[in-house]
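Below is one structure, written out as structure tokens; comments come after it.
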Amino acid sequence: MRYAGPALALASSWCFAFSGTLAKYLGAAGLTPLEAVWARMAGAGLLLVAVLAVSRPRALRVPRSRVPFVGLYTVVAVAGVQSLYKSPP
């Protein structure tokens, strides 16, 4: 755990740098900025779920009573904020 902080900082900086390069290629492929954000969010979500499935698979279990809350939270908190963050004039 001694090197956890520097490792997270290095991973974060690498992801930030890669994000700009990826955005350039997504724009060149004809995606609008909003579509590029959605593509990047989908990729990050899939990567995080894959890492969680390997490291802590029990954390992915959602009780049936909490499924509506998780679904609503996903739509409103994540997708809504990203879609409305910079709306066109």
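Please enumerate the residues belonging to the stretch 19-38 that are over 23 Å from GLY80 (Cα atoms), at pLDDT 85 or above and surrounded by 10 or more Cβ atoms within 10 Å (Cβ to Cβ). TYR25, ALA29, listed by residue number.
Criterion applied to ALA59, ALA9 was being among the small types (Gly, Ala, Ser) and surrounded by 10 or more Cβ atoms within 10 Å (Cβ to Cβ), and the one residue passing it is ALA9.
The C-beta contact set for the stretch 21-43 (first residue under 20 Å from ALA79 (Cα atoms), second residue of a type in the set (Val, Ile, Thr), distance under 9 angstrom, 6+ apart or interchain) comprises ALA23/VAL37; MET41/VAL78.
The values are calculated or read from the model by the stated rules, or taken from the named source; none is laboratory data. Owing to the predicted nature of the structure, the values given are computational and were not obtained by experimental measurement. We place every Cβ from the backbone using ideal geometry, glycine too, and count neighbours over all the protein chains shown.
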